[in-house]
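Accompanying notes for the structure given below.
Only the coordinates and a few stated rules stand behind these numbers; no lab work does. Small disclaimer: the values here were computed from a predicted structure and weren't measured. When we count neighbours, we look across all protein chains shown, and the Cβ atoms used for this are built from the backbone with ideal geometry, even at glycine.
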Amino acid sequence: MKSLGLVEVSGVTAGIDCLDIMCKSASVEFVTWERKLGGRLVTIVVQGDVSAVTAAVENALANAIVKPAAHAVIASPHEETMRMINLSAARIQKKAGNENG
């Protein structure tokens, strides 16, 4: 079963650190990220099995260079939740395509 893990942290560097911790500590894959307030708040989203996502989020909480402001594990997310996440991921892919093209 797919689940989502979200960690919100202050700053892009801390966000990248959380992503690195999550991907190294469990079998999860990066889905998307959101920057708000000029990058002062960054939300990292990963997906995988519930146990892997839970382990990844817990490791990020325990080892991040900045204490996360919020976190969540969503088991079996609703289709509307996935639609919102997929829209975010599509914006990033489109932007990356425009920069490389």
Reciprocal mean inverse distance between Cα atoms of the chain - Kirkwood radius, Å: 13.6
Sum of -39500 (n - 2.57) over DSSP H runs of 4+, divided by residues of the chain (222 nm, nearest 500): -16500 deg cm²/dmol
Loop-located trypsin sites (Lys or Arg not before Pro) in segment 20-101, at most 12 other Cβ atoms within 10 Å (DSSP): Arg40
Approximate spin-label separation Asn98-Asp20, in nm, with each point projected 7 Å along Cα-to-Cβ: 2.9
